[in-house]
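K.L.:
Here it is, the structure, as structure tokens.
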Amino acid sequence: MPQYFLTIPHESAEEPTMESMQEIDPAELQAMMKAVDKFNADLGEAGAFVTAGGLQPPSTAVTVDATGGTPVRTPGPFVEAAEYVGGFWIVQAPDEEQALSWAEQASAALGSRIEVRALQEQPE
């Protein structure tokens, strides 16, 4: 069954951290977490859940380039961008329409936009 990458975009100017999440109204944060928990449970019950996770902000990234003779590790993301991926789900869905439906539910739960991209399938 095809798998889809549902990503949560964040503005680069706003780099959320665990500390900044404490600034969110506790009732709003609790409601969002409850909605996300329900979404994750719904994915699991449907057999669509593969994995999910939140990512640390780009300022914590290290870019590794071992294409030359000596590996080079550069602090920071590989590209400067106005937005970055803050978290993700990988879901199984029979088709893109179902993946988009899951993304709509994720968007409603988080109050955020969600990008959907199919993972490449193994060549035959």
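Quick note: the coordinates plus some simple rules give every number you see, no bench work behind them. No experiment lies behind these values; they were computed from the predicted model shown. Methodologically, a virtual Cβ is constructed for each residue, glycine included, from the backbone with ideal geometry; neighbour enumeration extends over all protein chains shown.
K.L.:
Quick one: count up the residues across segment 26-68 that are touching a strand residue (DSSP E or B) at 6+ places or on another chain (Cβ under 7 Å) and β-branched (V, I, T).
P.N.:
Here the count works out to 5.
K.L.:
Sticking with this structure for a sec: Which of the strands (runs of 3 or more DSSP E) contained wholly in segment 44-124 include at least 3 residues that are surrounded by 10 or more Cβ atoms within 10 Å (Cβ to Cβ)?
P.N.:
Hits in segment 44-124: 49-54, 62-65, 83-92, 115-118.
K.L.:
I would also like to ask the following. Output the number of residues of segment 41-63 satisfying the condition of being in contact (Cβ under 8 Å) with a residue 24 or more places away in the chain and under 29 Å from P77 (Cβ atoms).
P.N.:
Number of matching residues: 11.
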